[in-house]
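Note sheet for the following structure.
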Amino acid sequence: MRRFDAIVVGASYAGLAAAAKMPGRNLLVLERHDSVVTKQRGSLGLLLPFGEKAEVQGDDLYLPDLDLFVEGGVRKRFRRMQVRGIRERADFNLKHDLVLLNEGRIKGALLRRIREKGAEVKVGAAVRDMDTDGKEVLVRTDQEYSSRILLGADGVGSVVARSLRFRRDRLAVVFQREGEWNRMDLDPETLLLQIDDARNYFVAFSLGDRTFAAVVQGTAPKQVPDDLESRLLDRAQRLGAGRLLSARGAVVRLLAPTTQAYRDNVLLSGDALASFGFSSITGALAMGSLAGQTMNRFLAGSRYALPDYQKNWRKQTGQGMLTKLRYAWPLWDRVNGQRIDRMLRAHQNSQGDSRSLARALPAMLWRLFV
């Protein structure tokens, strides 16, 4: 059995960021998929203002906390957004460009960083179970490994969380079906968002020589989704879509917010810990950075490292705000296509000359809910 200072389960954004914060340690990263770079999140990869600070420099991305420069880390920039209901639509200019991240480039840069610092990364190594006596953690894949501390960054279906018997109630499930076409009638700098109701959305945008579109549906935990593939193809054809190049799906389980970030010498991070079981990319990076710093402190003998992690992770990753969204859900659940149409129509009639989404948003939300 091989022994390490620390083991990270899951080469997620959080897992890779944590490993990048532990240079010089005898570190093992275990990933159940056969590739770290091609594994993507069940999200569009938009740069959201939660967690890790990110500086956009043309098509490149700089992550100051990790001191990581990602060449080609920006996949696309949007200067406008078009919002649609059932019949109405409105175009808005964005005060700041909305940035679509190149997930493969970011993960590739993180992977190179941690390998350069001496970490060992094993892909195709699914963790079957683990246990700890508080001093040593034992992990079983097709082999056995042990370490002084372990980080579970293996997503909402976390084997680590289940082994620690962390219970989190399921709130909902989000199903996503997405595809790429060789053409579609879209403005290249505009992000299209169509809202059917509180649980059904359609998103489309151009990616240079191809276009991307996705349908998203939220359901109750045990509810079966609609025929999302047919819905996606129908919406794409309405926009003049050409030949379908690729299609894929994703499922995100929304879980009740957790309050426990560690037990004994085992930590959780990323989607395994985040409110609703889902974090933004920047939120996952921030959680991973904090976890890596915590593990370093623990290995250096700090008795306060883990309690400090418990106290600080929500504050540093924007999870407190996400938790509050749970209480706004009954209000959002009233949203439907008719309300969206009324909101857009009222905006066009009263502030048709205002093209800025930032300026128009407060009044639009007021008309939507009141």
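The values are calculated or read from the model by the stated rules, or taken from the named source; none is laboratory data. These numbers were taken from a predicted model, which means no experiment stands behind them. Here the Cβ is made from the backbone with ideal geometry for all residues, glycine too, and neighbour counts use every protein chain on show. Heads up: the accessible areas ignore ligands, DNA and RNA and are worked out on the full protein's heavy atoms, side chains in. Shrake-Rupley method; radii C 1.70, N 1.55, O 1.52, S 1.80 Å.
Here the condition is being surrounded by 15 or more Cβ atoms within 10 Å (Cβ to Cβ) and part of a helix (DSSP H, G or I); of THR282, THR258, it holds for THR282 alone. Residue selection: ALA153 fails the criterion of being in contact (Cβ under 8 Å) with a residue 24 or more places away in the chain and closer than 27 Å to GLN338 by Cα. In segment 80-87, is there at least one residue being of a type in the set (Val, Ile, Thr), within 25 Å of the chain's Cα centre (by Cα), within 30 Å of GLN57 (Cβ to Cβ) and open to solvent by less than 30 Å² (accessible area, probe 1.4 Å)? For segment 80-87, residues of a type in the set (Val, Ile, Thr), within 25 Å of the chain's Cα centre (by Cα), within 30 Å of GLN57 (Cβ to Cβ) and open to solvent by less than 30 Å² (accessible area, probe 1.4 Å): present.
Matching residues to (1) in a strand (DSSP E or B); (2) of a type in the set (D, E, K, R); (3) touching a residue at least 60 places away in the same chain (Cβ under 8 Å):
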residue	(1), (2), (3)
GLY179	yes, no, yes
ASP185	no, yes, no
ASP196	yes, yes, yes
VAL203	yes, no, yes
ASP209	no, yes, no
ALA213	yes, no, no
LYS222	no, yes, no
PRO225	no, no, no
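If you filter segment 71-98 down to residues that are modelled with pLDDT of 90 or more and β-branched (Val, Ile, Thr), you find that the one that is farthest from ALA11 (Cα to Cα) is VAL83. If you take the residues of segment 166-199 that are closer than 28 Å to ASP154 by Cβ and of a type in the set (Gly, Ala, Ser), which of them is surrounded by the most Cβ atoms within 10 Å (Cβ to Cβ)? Per the criteria, the residue is GLY179.
How many of the residues making up segment 139-154 are open to solvent by 20 Å² or more (accessible area, probe 1.4 Å) and closer than 16 Å to GLU31 by Cα? Total meeting the criteria: 5. Here GLN310 fulfils each of the conditions (1) within 26 Å of GLY157 (Cα to Cα); (2) surrounded by 16 or more Cβ atoms within 10 Å (Cβ to Cβ) apart from (2).
Residues that are within 18 Å of LEU171 (Cβ to Cβ) and over 21 Å from the mean Cα position of the chain (by Cα) were ranked within segment 200-224; the one that is surrounded by the most Cβ atoms within 10 Å (Cβ to Cβ) is GLN223.
If you scan segment 287-307, which residues turn out to be in a helix (DSSP H, G or I), open to solvent by 10 Å² or more (accessible area, probe 1.4 Å) and aliphatic (A, V, I, L, M)? Within segment 287-307, LEU290, LEU299, LEU306 qualify. Considering each residue of segment 231-246 in turn, at least one proves to be assigned to a strand (DSSP E or B), under 28 Å from LYS107 (Cα atoms) and of a type outside the set (Gly, Ala, Ser). For beta carbons closer than 7 Å, sequence separation of 6+ or different chains, a first residue in segment 11-30 that is under 14 Å from ASP67 (Cβ atoms) and a second that is at pLDDT below 95 and part of a loop (DSSP other than H, G, I, E, B), the qualifying pairs are PRO23/LYS117. Restricted to segment 270-279, and to residues there that are of a type outside the set (S, T, N, Q) and open to solvent by less than 10 Å² (accessible area, probe 1.4 Å), the residue that is nearest to ARG170 (Cα to Cα) is GLY277. Within segment 246-267, the set of residues being among the aliphatic types (A, V, I, L, M), touching a Gly at 6+ places or on another chain (Cβ under 9 Å) and modelled with pLDDT under 95 comprises ALA247, ALA250, VAL251, VAL252, LEU254, LEU255, ALA256.
Among the residues of segment 268-279, those that are touching a strand residue (DSSP E or B) at 6+ places or on another chain (Cβ under 9 Å), at pLDDT below 85 and in a loop (DSSP other than H, G, I, E, B) comprise SER275, GLY277, PHE278.
Please verify whether segment 128-136 includes one or more residues that are under 16 Å from LEU27 (Cα atoms) and in contact with a strand residue (DSSP E or B) (Cβ under 7 Å, 6 or more places away or on another chain). Yes, that holds for at least one residue.
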